[in-house]
1. Using the C-alpha atoms of the range 9-134, what convex hull volume per residue, in cubic angstrom, is computed?
2. Counting only protein heavy atoms, what percent of the accessible surface of the range 69-216 is carbon or sulfur at a 1.4 Å probe?
3. Kindly give Rg over Rh for the range 18-60, based on alpha-carbon atoms, with the Kirkwood expression for the hydrodynamic radius.
4. Can you count the Lys pairs in the chain whose Cα atoms are under 23 Å apart, with each pair 8 or more apart or on different chains?
5. I'd like to check one number: the per residue accessible area of the chain, probe 1.4 Å, reported in Å² as a whole number.
6. Summing -39500 (n - 2.57) over the DSSP H runs of n ≥ 4 in the chain and dividing by its residue number, what mean residue ellipticity at 222 nm do you reach, to the nearest 500 deg cm²/dmol?
7. Could you work out the Kirkwood radius for the chain, taking every pair of different alpha carbons, averaging 1/r and inverting it, reported in Å?
8. Rg and Dmax of the range 123-216 over Cα atoms: what are they, in angstrom?
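The values are calculated or read from the model by the stated rules, or taken from the named source; none is laboratory data. None of the values given here were measured: they were computed from a predicted structure. Backbone-built Cβ (ideal geometry, glycine too); neighbour counts: all protein chains shown. Only protein heavy atoms, including side chains, enter the accessible area calculation; ligands, DNA and RNA are left aside. Shrake-Rupley method; radii C 1.70, N 1.55, O 1.52, S 1.80 Å.
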Amino acid sequence: MKTTGQKSSNTVWHHATVTRQRREQKNGHKSVILWFTGLSGAGKSTLAHALEERLHQQNCKTFVLDGDNVRHGLCSDLGFSDDDRQENIRRIGEMAKLFIESGVITLTAFISPFRADRQKVRNLVPEDDFIEIYCKASLEVCEERDVKGLYQRARAGEIKAFTGISSPYEEPDNAELVVNTGGLTLDECVDQVIDFLLQRGDLPKLRGHDRAQKIA
Ligand code: ADP
C-alpha cells in the first residue's frame, strides 16, 4: 500500500501562537527525534524505554513511539512488504515531526531497515532535530536472544520477509550515534545516549549524571 502525494488541496496550514520554541523554553530542553534503528531483538525498545525512564525522572517531556504498538493502531492496515514498510516509516516520520513540534523528546523504536526510508524521515525535519541511533547487535546475538521467538519462526519459514533472515537490513552509514547494544549493559547504553545529548546541548545538566565529566 502506497500513499501518493496530497489529496486534500483546500487546506491551509494554521500557525500556532504557542510555538515549538516557547514549548522548549518552558520544558527546559530541546525536542529532538531519537530514531533507534537495528535488527529485531537488538534492543531498540528496551533502550528507548530505559532512556525515557531516565529522562522522565529528570522532568523531561518524552514519548516513545514503539513498533508493535503503532502497528496495532495507526498502521494496522500495513504488512511487511517493502511498500508497506516504506509507508509505515513515512507515517511514523510524520507523527514524530508533530511530536517534536509539541516540544517532546520523541524516541522511536522501529527496525526501519531501509536507508532510503530513514533518510526520508531525516529530510522531514531540520538537520539538528533528527538523531539516528544505530542499536548495533549482530544477527547471531539477536537470534540467540530471540526475545519474541520470531527468529525461530522465521528460520522455520513461518514468517515471510523477516529482517536479517529473508529481508535485508541496511546498516546506517551516517548515524549520529552507534550504540553497542549487543555487547554493553543497558545502563551503559543509556549513559552513552545521555552523554551525547548533553554534549549537543539538547538537555540541561542532569541531576546525578556526572559520567560526561568523568570521561571528558
Ligand atoms: P528490539 O526492540 O530491537 O526488537 P527488544 O528491546 O525488544 O529489541 O529486545 C532486546 C533484548 O535484548 C531484551 O531482552 C533486552 O533485555 C536485551 N538486552 C541485553 N543487553 C541490552 C542492551 N545493552 N540494550 C538493550 N537491550 C539489551
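1. Values: hull volume 15.5 nm³, N = 126.
It is 123 Å³ per residue.
2. Working: 3880 of 7700 Å².
The nonpolar share, carbon plus sulfur, comes to 50 percent.
3. Numbers: Rg = 13.2 Å, Rh = 12.0 Å.
Radius of gyration relative to Kirkwood radius: 1.10.
4. Counting lysine pairs in the chain gives 26.
5. Values: 11960 Å² over 216 residues.
Ligands and nucleic acids excluded, the figure is 55 Å² per residue.
6. On the way: 9 runs with 91 residues, N = 216.
Computed ellipticity for the chain at 222 nm equals -12500 deg cm²/dmol.
7. Values: mean 1/r = 0.0547 Å⁻¹.
Across the chain, the inverse of the average 1/r is 18.3 Å.
8. Considering the range 123-216 through its Cα atoms, Rg and Dmax are 17.1, 49 Å.
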